[in-house]
Structure formats: structure tokens, C-alpha cells
1. What do you get when you divide the Cα radius of gyration of chain A by 2.2 N^0.38 Å, with N the number of residues?
2. Full extension from residue B:475 to residue B:72: what is 0.36 nm times the residue separation minus their Cα-Cα distance, to one decimal in nm?
3. Specify the inter-centroid distance of the stretch A:274-328 and the stretch A:387-408, based on alpha-carbon positions, in whole Å.
4. Let me confirm one metric for peptide A:398-406, namely the mean number of other chain beta-carbon atoms within 10 Å of its residues' beta-carbons.
5. Please turn the phi angles of the stretch A:225-233 into ³J(HN,Hα) values with the Karplus equation 6.51 cos²θ - 1.76 cosθ + 1.60 (θ = phi - 60°), one per residue in order, whole Hz, x for glycine and proline.
6. Which ordering of A:279, B:244, A:226 is given by a fewest-first count of other beta-carbon atoms within 10 Å?
7. Given a Förster distance of 25 angstrom, what is the FRET efficiency for residue A:166 paired with residue B:150, based on the Cβ-Cβ distance and rounded to 0.05?
8. I'd like to verify something in chain B: which complete DSSP H helices, judged by Cα projection on the helix axis, reach 30 Å or more and average at least -1.0 on the Kyte-Doolittle scale?
2 protein chains.
Amino acid sequence: MRRFVADKTRNLISRISRRTTSTSSISRLVSSHHPTSATLHRPSSSSSSSSFLTANFNFMASNYSTAPLSLQTINPKVLKCEYAVRGEIVTLAQKLEQELKENPDSHPFDEIIYCNIGNPQSLGQQPISFFREVLALCDHPAILDRSETQGLFSADAIERAFQILDQIPGRATGAYSHSQGIKGLRDTIAAGIQDRDGFPADPNDIFLTDGASPAVHMMMQLLIRSEEDGILCPIPQYPLYSASIALHGGTLVPYYLDEATGWGLEISELKNQLETAKSKGICVRALVVINPGNPTGQVLAEDNQRKIVEFCKTEGLVLLADEVYQENIYVPDKQFHSFKKVSRSMGFGEKDISLVSFQSVSKGYYGECGKRGGYMEATGFSPEIREQIYKVASVNLCSNISGQILASLVMNPPKVGDESYESYTAEKDGILSSLARRAKTLEDALNSLEGVTCNRTEGAMYLFPSIKLPQKAIKAAEAAKTAPDAFYARRLLDATGVVVVPGSGFGQVPGTWHFRCTILPQEDKIPAIVSRLTEFHKKFMDEFRD
Amino acid sequence: MRRFVADKTRNLISRISRRTTSTSSISRLVSSHHPTSATLHRPSSSSSSSSFLTANFNFMASNYSTAPLSLQTINPKVLKCEYAVRGEIVTLAQKLEQELKENPDSHPFDEIIYCNIGNPQSLGQQPISFFREVLALCDHPAILDRSETQGLFSADAIERAFQILDQIPGRATGAYSHSQGIKGLRDTIAAGIQDRDGFPADPNDIFLTDGASPAVHMMMQLLIRSEEDGILCPIPQYPLYSASIALHGGTLVPYYLDEATGWGLEISELKNQLETAKSKGICVRALVVINPGNPTGQVLAEDNQRKIVEFCKTEGLVLLADEVYQENIYVPDKQFHSFKKVSRSMGFGEKDISLVSFQSVSKGYYGECGKRGGYMEATGFSPEIREQIYKVASVNLCSNISGQILASLVMNPPKVGDESYESYTAEKDGILSSLARRAKTLEDALNSLEGVTCNRTEGAMYLFPSIKLPQKAIKAAEAAKTAPDAFYARRLLDATGVVVVPGSGFGQVPGTWHFRCTILPQEDKIPAIVSRLTEFHKKFMDEFRD
């Protein structure tokens, strides 16, 4: 359904373009590497089941003919925005899930396995007990002094709850906080950053947000004045960036990660794309780097990061560092280094580089997506600019306090000697080592498939294999008016119940096809996924072999 | 400091206006009633203590001269945006609070009393126990089956937590939910709306959000294409609206509430302003109504609401109904009626009017601001448009689950026969009756002051008295380069520690002066506030009497 709307609206956008001046606000995308491609490939239509929806849709729409809002009259930036991670394939999966509930024999599988989104707890990952104990106590401080509480909660969770409540004016966890977040919690986070990096962090640079997404939007809002403003983004990218740039009316300037070198980030590519954008009149304002990579799973080498910092400094770009997977590293030869640490270790201080680091409670070993906690550390901005960021934050008053508390906990977990330390460490290590095993198993399985190559998942939560599809499959996709990778993902879902996101939602070198699959299904499900996927792929290739 | 930045940036905006094309995105404000006024009066500068900050600021700014971002190069819509509720006076109050902490004798009062913002729990209001019990249990479900839990939590809270967890796929309160919110919770909310209104509500129309503010932003994003699009807003208004319209680059079309008739909303005024805006080429897209009123405290009569609905239907406007104070009614002759109920009772169905109702867990008797829960019920939109709203919601994944749970609780509190019913009712009635008494006491006190008239607070959480300031005071304000009401509020803070927001932050008829003061300080503090305020006002008037 969404795909259909996207298609329909795309036509509308072009019609509106010819008619009105508002087209100037539609975000664009420039690229030198593949000058004729639209980069984020968009299939021109959908499959047969959508046709039914289409008919249904037109019927329903006609009843709203006098409504003040129509696709022709809403903000075209909203129409332009797309977010594949929750796109058509997910809507379809939800439909199949409903059908399975009503009739368990309706499909050749007994459950839908959502590998489309980094949502660990939806697939059975358990939260870290210590974190949840503290949250519960902060939610209902009335029980803190009760004797039964000693039996239910660990001593250090009770102590931590007291500490946190003491940091909150009036112990009021139900009050709006400072718009950057509770000062005491920001102190804790700054101390955590300092421990991580070995360089000072200032609590006044921390802005606590409801997950990392609102922080990204805030920065885009600050940076983008018009479609003449460009943001350098990796391709493939996490579609939050393309969506946010579209919503704010800017231009996505893509730089391609090199799949052949394990999704390498080449400075020459950055320079090339920057120059091309400039030559088209685009004022490039910032560089987005996602490290560890989403959807690509690569972890940048420190030397590479130094060159990126140097590039931003030389070109006067704000460095937007998506570091939400900083705890998710699975290979012994790679380590996470924050861009702040790298910059400071190069001798670049507060006045030398404008740098924003995004962190979230949704990822790592904690995976607390539903809590919507996160922060950005914004360094290298003048007080006037920080004041403007504060103002934008203040319009939404503050982020949710439970999320704020959780953000402080992930940056200051139990320490050696604390009552919870042992259980905390066991839970954390259990999750991370299991994720590493799952990544390896899935990677090996994918690499064993005909025409599939998959770089290793060094970090983050995803595999992004390349699939060489037979011409016959590409033609079948064309006939079904869908992108070849979307066609493959759709067939995979229909045959196995496994939900992946087509590479076209993230961007890819034109003519190549990928999908993103999370490593998050619980370990006992991995063998079944591997065998289902292997069987499906074999049949698919047999069916479409040229 | 913020005021200084605002002034400085205003100059910058006008300079940028002359230089670049980006001025077209700056939001404007049109008015027929007071055609020459800027309506949201903005003082041209600040007082002496700000001068110090200014100097300090310039010094600091100079060190960032090579930074990629400056006030000249950020998005001018961000510069344009203002949010008085957390503006200069609050920054100053925080400074005084710090000074008091360091030296309790530094000021002629021993504490700062924040009457600037509707933040009940920051002033000592206690949360509803039942709600917090359920939240704590949902945060840490591991204790649900433990025997100690029976002693700590009420039986219906335990039962409710089980019910809610059963509605969450996999009981995963740490997972991203459906982007509109957990379906089971939306069912509960829809049932609550239906009970309230006596008309059906559809869970698919509910979008759960982190407080009401993100919902307002979402609608503005959808509605505003350019500065040619206008939104009718009451004056005085809650500055979220002016801020959001500015951020999205639209035009605020003001309509004036009539102070003489208890902040009456006249349809003739709506028509007049609509026509004026149209004649200036503005496409007016929506009407914002805040009921009960913020900052004005009036509660609309049902008959008036019918005329407003009729007006929106006739003029093809989306009705944006801010109904976050629906539980805050303090006078026996007024009742809350939702605009949905009013529309349906007029026979207008889904296809006849586009209506959005905003609700929040931050207000009412619950006052859970820090939990960031809320929802909008969007009715009368075609499936295509709802799909676009869903897409925008999905880019931020979902609102926080604790806030979602709380939104379901406030729409479905304990019922007769439940273990917690009695304590819940006692807590609720205690809070609401106390708020009513506080409102009346403060209203009477204000009305007893020379030159002050204050409409009664029928609902919401605010008083918005008019102050007739002596010419000498107005001249003193001019000399101090500040607005007369900001001058008064500043003097009030310096003398008493009471923080109020100058009327200029909300908009007012030019030449009139007001301030907004919440009714939220705890009841035992009210007599002291009244006497301090009375004493201050008398001295102020004596000092500046013409």
C-alpha cells in the first residue's frame, strides 16, 4: 500500500513541479559516480496484491473528495520522504502474520521472523536486569523504603535509584526536566564518555533526546536552509538520513562505500562527490558517517577516521557521527573509536572541528528501543549556535525521563564490586557473544549461496549481502513492476516468513542488488532460518536461471 | 542571553533577507485587526544584566570564527522561532537559584517559585499512585510473579500490568512498537474516548506521541508547504504554535480572543482574519483552537464550539483542537466537550470534517510531564493522507512505551470496585479541588491589585491578568530596552523570586500588557505568593505612578 502511495505521489510531485513554485523545496540527490542514476532506486510500481489495494484505495479516496487535505495539497517534502525499514514489505508481513493467526496452515511457515529492523527485544532478547530494576524504582519511588523491596531488587539498584532521584530536582521523575536533560544525568554521561575516550567531555555539550532520531532531525533542521544545502551521506545509508533530509528540504549528496574493500570509505570518493556537488551549486554543509556501519556492518579503522576528520576540517564540514552501534563489535581485529577521541588525539580541540556524536539506548547489548533514550554530544559549536540548538530542543520541552535515566545507565553500568556486576556482565557478554556467533553463521550461510557475497559483519546488527540475480529474475521483477531486490525479498517472505529490507531502500551502486537482514533472531532460530533461506534461494535460482 | 540572541538574530534575518532568496522561507504573521502591529510583540533588547552576557558572548563567539556554522548560515527558520515559556526570564531565574544555593542571603527571598510553566510535579504535585505502580511493574515484569510484590503493589495494578503486557507483542516493553503505538493500548484509548464522548472512536485514528508537541509538529509539517500557507491561531496563544509554524516556514494568521467577554472566541473575528489573510495571498489551511485555553484559562461553550465546527467545514479548514486540559475544569457552570463529540452531535461524520484532537499525559490531574506521553486522534482524513501521517511517524519509529502505557491509563483509570478506586479518586479529587481553590485565591488576589484585571480561570492551569502599567513604567522599560510586561516580570522576579512569563511571549492586543502565571504552586505556598505579589505590585506602582 505504501509503495503504491509512493508511486502515485511521485507522479503527483512531478505534476505539482510543473505547476507551482513549491518544487524548489523538493530535496534532490546529486552524484558524480553514477551521474545518471537516482541512486536510491525506486521501483516504479508494485505487485499484484497491491493492485487490489490500489482499487480499494481509489474507492475509499473518492469519498473524501471535499476534505481540505489531499496528496496534491500537502507539503511535498512529506510526499518525497521515504522510510524503507518500515515500508511495503513490513506491511505485507503484518498481513501474513494476521492470516497465520486466523489460519495456521495458510502459509508454508508457522511464524513471521522480522529481520527488517534493529529491534532486539521484539525477537526475544531480554533487557539487562539491573537497568530495569533501576527504572522500576525510579518510576515508583514510594517503594524504595519498604522492606519487601530489599527482597525484590538488588542493593546496588536501590542505591542507584536513590542517587538518580537525588539528581532530579524535587525527585520529580514526572516533571519536565531541563531541555537538554537532567543535569546530574548529563554529568554521568559526560563522565562515561570521558572514561571511554580518555578526553574530557562537557555535560553542557550533551543533549538528551527520545532515541537518536530526534537529534538527527534537530541537526538537519539547523543545517538545511533550502535544496541548495547538501549533506554528504554514505550509500548504502540508514534511511533516517534520506528521510530527514527530504523532510527538511535539502539535498542528499551521496558518497559510495566500496563493497569490494569491505565497505571501505575512501577520501577520494568524498572529495569527488563534494566537488561535483559544488559544481552543481550545492553548498555542502555536513558529512554523515555511520560507524559501525548501518546497513553495512563495517567498523572504520582509526587511520581512516583521522583522514575523515582532516577532510571535514579542511572543507569546513560539520561531522555528524552516528555512533549508536559503539558497543556492537564482533571481530577481534576491530575496535570502536569515537570521532571525538580521534579528533582530540589529533590535537583538534573544541575550536577546530564541529562534531556531533549520536548515541542511543536502542542498540548495543541493551537494545532498549521502546524506551526512546539517547543523546547527542555536540562539540565545536559557538555559544550562539548551541543556544539555537537549545531553543529547538526547548520547543519540545524535554525527552522522556525514563529514557534519560537509561542513557545514564548505559554510560555508567555496574562496576566491579557492585552486587549486580556479575549478573550484569553475564547478561551483557551472553548477548554480545551470541550476536557475534549469529553474525558469523548467517554470513557463512549467505556466502555459500549461489551468486551471493556478503562482507563480514564487524559490528552493528546487520548483514548486507549482494545478490547477483539472473536476467530472467530481473525481467520477472520488471514485469511485476518492482525492483529486482524487492522482488527477491517479496518471494523470500512468501516462501519462508523471513522479512528483510531490499537494498533499494538504502541505496546501492546501480545495477547491483542487496538486502539488509538483521542478526537479531534468537540463536535457536538461526539454523531454521539458514535452512529455509538456503532452500528458498536454491529454488529461486533454479526457477530463474538464465 | 536568549533574548539577546533573539534580537541579534532578528537583525541578521533582515540582513539575510536583503541578501539571499532564503527569506521566502521566513514565516510571517498577518493580521487585520491590528494591521500595523507585529502582534507577538518582541522587545528590542534586554536589561543591564544581559549587557554583561552580551559582552561575554561576543568575546566567546570570536573564537569560533572558523567554525562551519554561524548565525548567518544556519536555517533562518530556526532563528525566527521563539519559545517564551523557557525564555530569558527562566534563564535568569536559574541564575538566581544558583546564587541562592551559594549564598542563601543573596536575595530578598529564599526560593525561586516557577510559575512560568505547566509542570505540576516540579512544584510538588504527587503522581497518581496507581499509574506509577503499573508503570513500575511494566518496567520490570520479572517481579510480577514474586510474593513480595503482592505486599508492595495493589492487586488491580498487578492485574493491569498483566493485561498491558499481554497486549504487547512478546511482552517486550523494550521493543519499538507499531509507529502509531501499541494496538491494544490504542484500543483502550479509543474505548476511553468513546466513553467520554458517546460517539465511536477508531484505534486506527490514534497516533501515540511523546507528549502532544510532536503531534502538533507532525500536523504542521503535513500542512505547511511555504510561507504562503497560513494557520489561524488564537492570540494570546501557547507559543508551541508560533514556534512550530516558524520552524516549518508557514505564516501565523492570528485571531484575537476577546478579553472583555472572558476571552471569547468570536466567529466574526475568525472570518475577518481569514478574509484579510486571503486578500494577502495566504492560503489558510487550518484553525488552532485551545480548549480549555492556554494561557487564557477559558472553557468554550458548546454552542460556540458548534459555530467553530461549522466555520471550519464551510471554509474547508482542518480543525486542530488542543484539548490537553480536558480534565482541568474548575467552575460548575462549564464543562469540557471535545470537538469530536460536538461535530458528531451536529451530524458531521468522518467524511464531513477533518479534525485532530491533541491529548497529553502532562496535564489533567496526572501532570506526568516528564513521561512524555500523549496522542492525537486524527479523523476525517483520507486513507492516503493517513498513510502520509503514518510515514512521518514511522521515521521516528515510535513514541516511548512508558508514555504509551500512561496514555492508556489516563484514558482508562480505575473503576468502581477496583482495589485502587478509592485511593485513586481521593488523589484525583484532592488535586483538582486544590487547583480550583488556588485558581480562585490567585484570581481574587490579582483582581484586588491596582490596575490589574484577571478573567477567571475556568480551566487549564493558568491566570493571564492584564496590567495597566503607568506611563512612567513604560518609559522605564523603553529605557531598559525591554517590553513593559517583561520589565514588570523581571522586577517581580528580582523582588519576590516568583517567575511568570510576560504576555508578549503569547501575543496580546498591542498596547495591552499581561503575564501568565500558573496556579501550580502547592496550596501552602499560595498565601506567601499572594502577599509577596501584593507587596511588590504596590511598591512598583508607587515607584512608577504617573
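Any read-out appearing in this document is the output of simple, stated calculations on the displayed coordinates, not a laboratory observation. Remember, it's a predicted structure, so these values are computed and weren't measured experimentally. All Cβ positions, glycine included, derive from the backbone under ideal geometry; neighbour counts span all protein chains shown.
1. Working: Rg = 23.9 Å, N = 546, 2.2 N^0.38 = 24.1 Å.
So the Cα radius of gyration is 0.99 times the expected 2.2 N^0.38 Å.
2. Details: separation 403, 0.36 × 403 = 145.08 nm, distance 3.28 nm.
Separation in residues times 0.36 nm, less the Cα-Cα distance, equals 141.8 nm.
3. 25
4. Numbers: counts 7, 5, 12, 7, 9, 5, 1, 0, 1.
If you average over the peptide's residues, the count of other-chain Cβ atoms is 5.
5. Each residue's phi maps through the Karplus curve to give 9, 6, 5, 7, 8, x, 10, 6, 10 Hz.
6. On the way: A:279 10, B:244 28, A:226 20.
The fewest-first ordering by Cβ neighbours comes to A:279, A:226, B:244.
7. On the way: r = 29 Å, r/R0 = 1.17.
Approximately 0.30, to the nearest 0.05.
8. B:421-447
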